[in-house]
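Any read-out appearing in this document is the output of simple, stated calculations on the displayed coordinates, not a laboratory observation. Since the model is a prediction, treat every value here as computed from it, not as a measurement. In this analysis, Cβ positions are derived from the backbone assuming ideal geometry, glycine residues included, and neighbour counts consider all displayed protein chains.
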Amino acid sequence: MGVLFKVEGASKRFGGLQALSQVDLTIQQGQVAGLIGPNGAGKTTFFNVITGLVPADSGRFELAGRPYEPSAVHQVAKAGIARTFQNIRLFADMTALENVMVGRHVRTHSGLWGAVWRTSAFQKEEAQIAATALDWLHYVGLGALASVRARTLSYGDQRRLEIARALATDPLLLALDEPAAGMNGTEKQALRELIVRIRNDGKTVLLIEHDVKLVMGLCDQVTVLDYGKLIASGSPNQVQTDPLVMAAYLGTAAAKPNAEPPHV
Ligand SMILES: Nc1ncnc2c1ncn2[C@@H]1O[C@H](COP(=O)(O)OP(=O)(O)O)[C@@H](O)[C@H]1O
Ligand SMILES: [Mg+2]
């Protein structure tokens, strides 16, 4: 145990909009940490900042006891953070296996010239990458669909494929942006079991999720954002009864008469 990932004072402004304002977050090794909050609260921006897709205006970051500077996407993966996207980002015309192989390439060595000359070291490594990628497909329950094009997979399976691709980079921290969105009850239950297995296998997970049942049942700690600010953080039970959190969700619902009932 110990701290795996620590963020202090992360801020990000888009024009006149303060999307993140001095957000702190500490995640213990081996835990599932939840990040929740109404739509537009800054959750995805937080992921974009820690994975280098969007440069932070300020913030100190620490991963596995070392200073961590979010930079280019492949550097982030090498440092040990992998993520999935709220809007699925797969290579739609590549097979499931090929999509996971792309993730695995982060951890390989042959490089460009090996690929151009198809050296024996390169070919051996490709076979190894394919084998490892297939293992990850089995791990997420997609082993039978390895040769299927990503675009023809069901929505739920595409989300699992994104998780397999992220896992193939051997991350210390797996960051999932609304992985249950669009899933039915059975798929959600399977996703929940998958996240528990990932945690039991020693990985640390940061989860953005709207489904309160999933968050309450899965997360060891929950952080709540509203308008870019951290408004609560603690155990799922503490957070659920926090007046600021209730007001944030009720405020959102009240502002939009047709909005879904509050999730928390
Ligand atoms: N690249 C961007 N440019 C301008 N505004 C952005 C950008 N990304 C996010 N935002 C704005 O920042 C706020 C937070 O968005 P986001 O992080 O996606 O929220 P959440 O994931 O919590 O729903 C929103 O108001 C959104 O419109
Ligand atoms: Mg989002």
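General observations
- Based on C-alpha pairs under 8 angstrom that are at least 6 apart in sequence, region 91-170 has a relative contact order of 50 percent.
- Sites D220 and N39, calculated FRET efficiency, Cβ-Cβ separation with R0 41 Å, nearest 0.05: 0.95
- Potential lengthening of the chain between H138 and D201 amounts to 21.2 nm, from the contour at 0.36 nm per residue minus the alpha-carbon distance.
- Pairs spanning more than 22 Å between alpha-carbon atoms, out of K188/K229; K6/K213; K6/K229; K6/K203; K12/K78: K188/K229; K6/K213; K12/K78.
- A simple rule links phi to the HN-Hα coupling: the Karplus curve 6.51 cos²θ - 1.76 cosθ + 1.60 with θ = phi - 60°, which for region 9-14 gives x, 6, 10, 8, 10, 10 Hz, with x for Gly and Pro.
- Rounded to 5, percent antiparallel among DSSP beta bridges of the chain: 55 percent
- Here is what passes the span test in the chain: the DSSP H helices with alpha carbon length of 15 Å or more along the helix axis and a Kyte-Doolittle mean of -0.5 or above are 120-139, 243-255.
- Estimated dipole of the chain in Debye, rounded to 20 [Cβ of Lys and Arg +1, of Asp and Glu -1, Cα centre]: 340 debye
- Inter-part distance where region 149-190 and region 1-21 are each reduced to a Cα centre, Å: 25 Å
- One quarter of the surface of the convex hull around the alpha-carbon atoms of region 91-170 equals 4.9 nm², the direction-averaged projected area.
- Computed from the Cα positions only, the extents of region 143-228 along the three principal axes stand at 40, 27, 25 Å, in decreasing order.
- Projected label points at T108 and S11, each 7 Å from Cα along the beta carbon direction, are separated by 4.3 nanometres.
- Placing unit charges on each Cβ (+1 for Lys and Arg, -1 for Asp and Glu) gives region 197-252 a dipole about its Cα centre, and among I208, Y249, L225 the Cα reaching farthest toward its positive end belongs to I208.
- Here the Kirkwood formula, the inverse mean of 1/r across different C-alpha pairs, assigns the chain a hydrodynamic radius of 19.2 Å.
- Fluctuation leader among G42, G52, G217 - the chain, Gaussian network, Cα springs under 10 angstrom: G217
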